[in-house]
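The values are calculated or read from the model by the stated rules, or taken from the named source; none is laboratory data. Computed from a prediction, not measured in an experiment: that's the story for all the values here. Please note: Cβ atoms are built from the backbone with ideal geometry, for glycine as well, and neighbour counts cover all protein chains shown. Calculation scope for accessible area: heavy atoms of the full protein, side chains included, ligands and nucleic acids excluded. Shrake-Rupley method; radii C 1.70, N 1.55, O 1.52, S 1.80 Å.
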Amino acid sequence: MQLDYFTLLSEEPVKLQNIGSIKSPKINDIKKITFPVYQTYIDYLIIDIPTYFSMLEKNSENYPDKPELKEFVSQLKNEYSLLSDEDKQKLSIIDVVKNDDYFIKILSLALNFFFVEEIVFNYEDVCFYTYDKTIDEENPVGVIYSENYSSVIDIILSRVNIKRKKNEEEIKFKNKKAAEIFAKLHGKEKKDDKTDKRFELANIISSLSVHSKNLNLIDIGNLTVFQLYDQFQKQQIEDYYEIMKRSVSIWGDSDNKFDILGWLKLYEE
């Protein structure tokens, strides 16, 4: 399922039948949990199986009292390496992390941040159940399990302007600028590249609140994450349009290259 542009711009939750309602978080929502926590949530949502194995190996000291977990993961990793590429694509991260209490705890917090309903992991059924406590405190209204997990995560990520390629480990962003921003925020840039602090979320918020005609630091907190990036991109289109308009007003437009509707341009993906 792919959300249309209008829905992505909306702050209303997206209701998924038999699953739950996915929110579009606002900047103020991130302020409440802090940006590092938000970044951690995103990292846990986008993690793939090979990355999980690598992360667990690098942080094995966090599991000193669970030797059985390390043994289980080692065995699972070996089994995973023997699978065909097709079978690897069918395997969900939930199938792998189901015995990792710490990972499940963080993943549950991440899902609860994005869902209207309460998300609870069921170890026996190996799935996340969604509960609408205003209707029924005991019976779930939806379920997130191995087969629909990836699709649910894709919709969550799309609400914060991130889109993954299907059946691939890399993430596909809506445009180059979004990819660059995400890389700066998450430390994914090449080691020999210098970090460009202009694209840090805090600086985008601060700069856009000054540069925009209508936004300020107070109002910008009410924007959803998607709306913020959308306005950041549209501001670039508007700035370019104003430069071209001024140039034409001074030097003319003998080649008829000036587009009077340039301010309506779609941001290139």
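Quick notes
- The listed residues Asp100, Asp85, Asp239, once ranked by accessible area (1.4 Å probe) with the largest placed first, stand as Asp85, Asp239, Asp100.
- Percent carbon-and-sulfur accessible area, region 1-155, ignoring ligands, DNA and RNA, probe 1.4 Å: 50 percent
- Compared with the alpha-carbon gap, the fully stretched path from Gln2 to Gln39 is longer by 11.0 nm at 0.36 nm per residue.
- Accessible area in the full protein assembly, largest first, 1.4 Å probe, for Glu124, Glu71, Glu242, Glu117: Glu124, Glu71, Glu242, Glu117
- Rounded FRET efficiency, nearest 0.05, which uses the C-beta distance separating Ile243 from Lys197 and R0 of 25 Å: 0.50
- One decimal place: the segment Asn122-Glu86 gains 10.2 nm when fully extended, by the rule 0.36 nm per residue minus the C-alpha distance.
- Candidate residues Leu228, Leu215: accessible-area rank, largest first, probe 1.4 Å: Leu215, Leu228
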